[in-house]
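Every number in this text was worked out from the coordinates using simple rules, so none of it is lab data. Since the structure is predicted, the reported quantities are computational estimates derived from the model, not experimental observations. Glycine gets a Cβ as well: all are built from the backbone with ideal geometry, and neighbour counts include every protein chain shown.
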Amino acid sequence: MRTPYEYATVQAVPRVERGERINVGVILYCRPKDFLAVATHLEPGRLLALDPGADVDAVAVALAGWQRTCDGEGPARDMRQGERFRWLTAPRSTILQAGPVHTGLTTDPAADLERLVALLVH
């Protein structure tokens with residue numbers, strides 16, 4: 001049986017004032033399957049094409065923070081999955097931002113996460 005899920009792209013914004021961004025991951029939340037995960041792929045060359053002075057290491061550290069939050073580590077340990085998803089996808093003016101939240105139907109959220117990363121990031 002297919003169940004609903006929500007997802008958003010994770011976007012690197014090396015210079016917030018310029019508004020240029022590249023997709024570096026996807027976060028997917030499926031409440032009925034008790035699933036929350038982020039999958040990321042950072043290509044330094046693409047990021048540096050937007051901003052030759054971009055701090056690639058800082059973006060990688062920020063992506064690792066998204067992973068820890070999805071996993072419920074650190075301050076996120078007391079948050080439910082839905083709360084963590086909403087917190088990560090809330091509007092912000094930082095080096096990583098979430099795109100709009102979209103929905104879909106799935107029987108396998110992990111497989112759909114992989115499919116979306118291949119489609120939207122690679």
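Scan the stretch 8-24 and give yes if some residue there is touching a Gly at 6+ places or on another chain (Cβ under 8 Å), assigned to a loop (DSSP other than H, G, I, E, B) and within 19 Å of Glu114 (Cα to Cα), otherwise no.
Within the stretch 8-24 (the criterion being touching a Gly at 6+ places or on another chain (Cβ under 8 Å), assigned to a loop (DSSP other than H, G, I, E, B) and within 19 Å of Glu114 (Cα to Cα)), the answer is no, since none of the residues qualifies.
Can you confirm whether the stretch 69-83 contains a residue that is of a type in the set (Gly, Ala, Ser), within 30 Å of Glu17 (Cβ to Cβ) and either in a helix (DSSP H, G or I) or in contact with a Gly (Cβ under 7 Å, 6 or more places away or on another chain) (or both)? Spell out how you get there, then give the answer.
From the stretch 69-83, those of a type in the set (Gly, Ala, Ser) are 72, 74, 76, 82; that's our starting set.
Keeping just the survivors that are within 30 Å of Glu17 (Cβ to Cβ) gives 74, 76.
Narrowing the set further to residues that are either in a helix (DSSP H, G or I) or in contact with a Gly (Cβ under 7 Å, 6 or more places away or on another chain) (or both) leaves 74, 76.
Yes, the conditions are met somewhere in the stretch 69-83.
May I ask you to list the residues in the stretch 49-100 that are of a type in the set (Ser, Thr, Tyr) and over 12 Å from the mean Cα position of the chain (by Cα)?
To start, the set of residues in the stretch 49-100 that are of a type in the set (Ser, Thr, Tyr) comprises 69, 89, 93-94.
If the condition is that a residue be of a type in the set (Ser, Thr, Tyr) and over 12 Å from the mean Cα position of the chain (by Cα), then Ser93, Thr94 are the ones that fit.
Of everything in the stretch 101-122 that's in a loop (DSSP other than H, G, I, E, B) and within 11 Å of the chain's Cα centre (by Cα), which residue is nearest to Cys70 (Cα to Cα)?
Kept after step one, since they are in a loop (DSSP other than H, G, I, E, B), are these residues of the stretch 101-122: 101, 107-108, 121-122.
This time we only want the ones that are within 11 Å of the chain's Cα centre (by Cα), so: 101, 121.
Working: Val101: 16, Val121: 19 Å.
Here the residue is Val101.
Which of (1) more than 23 Å from Ala110 (Cα to Cα); (2) buried (at least 20 other Cβ atoms within 10 Å of the Cβ) does Ala49 not meet, given it meets every other one?
Among (1) more than 23 Å from Ala110 (Cα to Cα); (2) buried (at least 20 other Cβ atoms within 10 Å of the Cβ), the lone unmet condition for Ala49 is (2).
Tell me which residues, restricted to the stretch 84-122, are free of Cβ contacts under 8 Å to residues at least 24 places away in the same chain, surrounded by 12 or more Cβ atoms within 10 Å (Cβ to Cβ) and not hydrophobic (A, V, I, L, M, F, W, C). Step through it out loud before you land on a result.
Filtering the stretch 84-122 for residues free of Cβ contacts under 8 Å to residues at least 24 places away in the same chain gives 86-87, 90-92, 108, 111, 115, 118-119.
Those left that are additionally surrounded by 12 or more Cβ atoms within 10 Å (Cβ to Cβ): 86-87, 92, 108, 115, 118.
Arg86, Arg92, Asp108, Arg115 - these are the residues of the stretch 84-122 that are free of Cβ contacts under 8 Å to residues at least 24 places away in the same chain, surrounded by 12 or more Cβ atoms within 10 Å (Cβ to Cβ) and not hydrophobic (A, V, I, L, M, F, W, C).
Checking the condition of a type outside the set (D, E, K, R) and surrounded by 13 or more Cβ atoms within 10 Å (Cβ to Cβ), which residue from Val16, Val61 passes? Can you show your working first?
On the way: Val61 fails: surrounded by 13 or more Cβ atoms within 10 Å (Cβ to Cβ).
Selected residue: Val16, the only one of Val16, Val61 that is of a type outside the set (D, E, K, R) and surrounded by 13 or more Cβ atoms within 10 Å (Cβ to Cβ).
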